[in-house]
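*Asks:* Once you've had a glance at the structure underneath, I'll fire off some questions.
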Amino acid sequence: MSKAQYAILRFQKYKGLTVSRIEAHNERTKEVYASNPDIHTDLSKYNFHMVTPKGRYRAMSDRMIQEAGCRVRKDSVTVVEALITASPEFFAGKKPDEVKAFFDYAMEFMSNKQNPETFLSAVVHMDEKTPHMHLCFVPLTEDNRLSAKEVIGNKKKLTQWQDEFWKHMVKKYPDFERGESASETGRTHIPPRLFKQAAHLTRQKEKLVQLLSELTPLNAKKKAAEIAAILEEYIPGVEELMTKMKKANRVAKELRGELSKVKKELDGSKASVLRQLELERKVQKLDDLQNIVDALQKTLDTIPPDVLATYDQSQKERKDTVNRA
């Protein structure tokens, strides 16, 4: 019996400086991706754009938001990323033009749901395990308001997105089955990328600790600039990870509840023992992740005020440059 095949659509929201980080990932602007071993850079030449960016993501989104006359708060979601892919089994044996046809058809759906004028970039990655597309857009409504909440909505609207996406894709690919959303099944998805992000930020934390240990009155200006450069990615990265940890902690609570129930009902069977071990492993993994996040935040608390002032000034200058563009 062949495995079920699914068309997959997921959303992720981004604010402020985190937009630049996803651009680096999506557009493959780095030479080395130590934080994501799944990327095979020798295959990156086969990646292709469905929508080619006309500039830097953040500058484009800022300009688009300004032209729409929207007010932006510090916590405003300025970019939404749609991840579109399918089960690995679907792509098995597919020729490049067949892969492109899948994403062409998926783009038809997205263009009907969201104004294509708000699209910043749509790039298909062929250099990871399964072909997938990152479509980034500014969540502007039809009447030019900035509202990710209205565009992609709550759990109910997200379910509608999934229903409509499946109905669209199944017209051309009838073998696709309708998967159950997390809200329908009670299952919660914690993406592996969360752990990769934590590992990447930990490496940055180690660089920060090293630079801070080398800070002296004689080299303060130079070191402050080096530290500020790392903080460009580190601060928004930690803020984003802390936000995601709220969901991870809810999952950990649910897992502990299930683990307690399994222990009470343990009947000595191999299945129940394996389930207990699996739950304990998952809980420990999430606990370890929380400890990493705590350490990342603690490092921020050790940054001297004058160094943070250098970082704040660089952010102000960057914002002024964008506004003048």
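The values are calculated or read from the model by the stated rules, or taken from the named source; none is laboratory data. Keep in mind that what you see is a predicted model, and the values were worked out from it rather than measured. With ideal geometry, Cβ positions are generated from the backbone for all residues, glycine too; neighbour counts draw on all protein chains shown.
*Asks:* Considering 231, 215, which residue is at pLDDT 85 or above, in a loop (DSSP other than H, G, I, E, B), touching a helix residue (DSSP H, G or I) at 6+ places or on another chain (Cβ under 7 Å) and not hydroxyl-bearing (Ser, Thr, Tyr)?
*Replies:* 215
*Asks:* Pull up the range 133-148, narrow it to residues that are free of Cβ contacts under 8 Å to residues at least 60 places away in the same chain and not hydrophobic (A, V, I, L, M, F, W, C), then point me to the one that is nearest to residue 77 (Cα to Cα). Show your work before the answer.
*Replies:* Within the range 133-148, the subset free of Cβ contacts under 8 Å to residues at least 60 places away in the same chain is 137, 141-143, 147.
Remaining after also requiring not hydrophobic (A, V, I, L, M, F, W, C): 141-143, 147.
Working: 141: 13, 142: 17, 143: 17, 147: 8 Å.
The extreme case among them is 147.
*Asks:* Determine whether the range 283-304 contains at least one residue that is in a helix (DSSP H, G or I) and at pLDDT below 85.
*Replies:* no
*Asks:* Residues to consider are 206, 265, 233; find the one that is under 30 Å from the mean Cα position of the chain (by Cα) and exposed (fewer than 12 other Cβ atoms within 10 Å of the Cβ).
*Replies:* 206
*Asks:* To continue, here is another question. In the range 62-90, what count of residues is obtained for those that are closer than 13 Å to residue 145 by Cα and polar (S, T, N, Q)?
*Replies:* 3
*Asks:* Here is a list of conditions, (1) in contact (Cβ under 8 Å) with a residue 60 or more places away in the chain; (2) of a type in the set (A, V, I, L, M); (3) crowded, with 19+ Cβ neighbours inside 10 Å, and residue 110 meets all of them except one; can you say which number that is?
*Replies:* (1)
*Asks:* Right, something else. Need pairs with beta-carbon distance below 8 Å; first residue over 17 Å from residue 239 (Cβ atoms) and within the range 69-83, second exposed (fewer than 15 other Cβ atoms within 10 Å of the Cβ) and at pLDDT below 95; sequence gap 6+ or separate chains.
*Replies:* Once the first residue is over 17 Å from residue 239 (Cβ atoms) and sits in the range 69-83, its partners that are exposed (fewer than 15 other Cβ atoms within 10 Å of the Cβ) and at pLDDT below 95 give 69/144; 70/144; 70/145.
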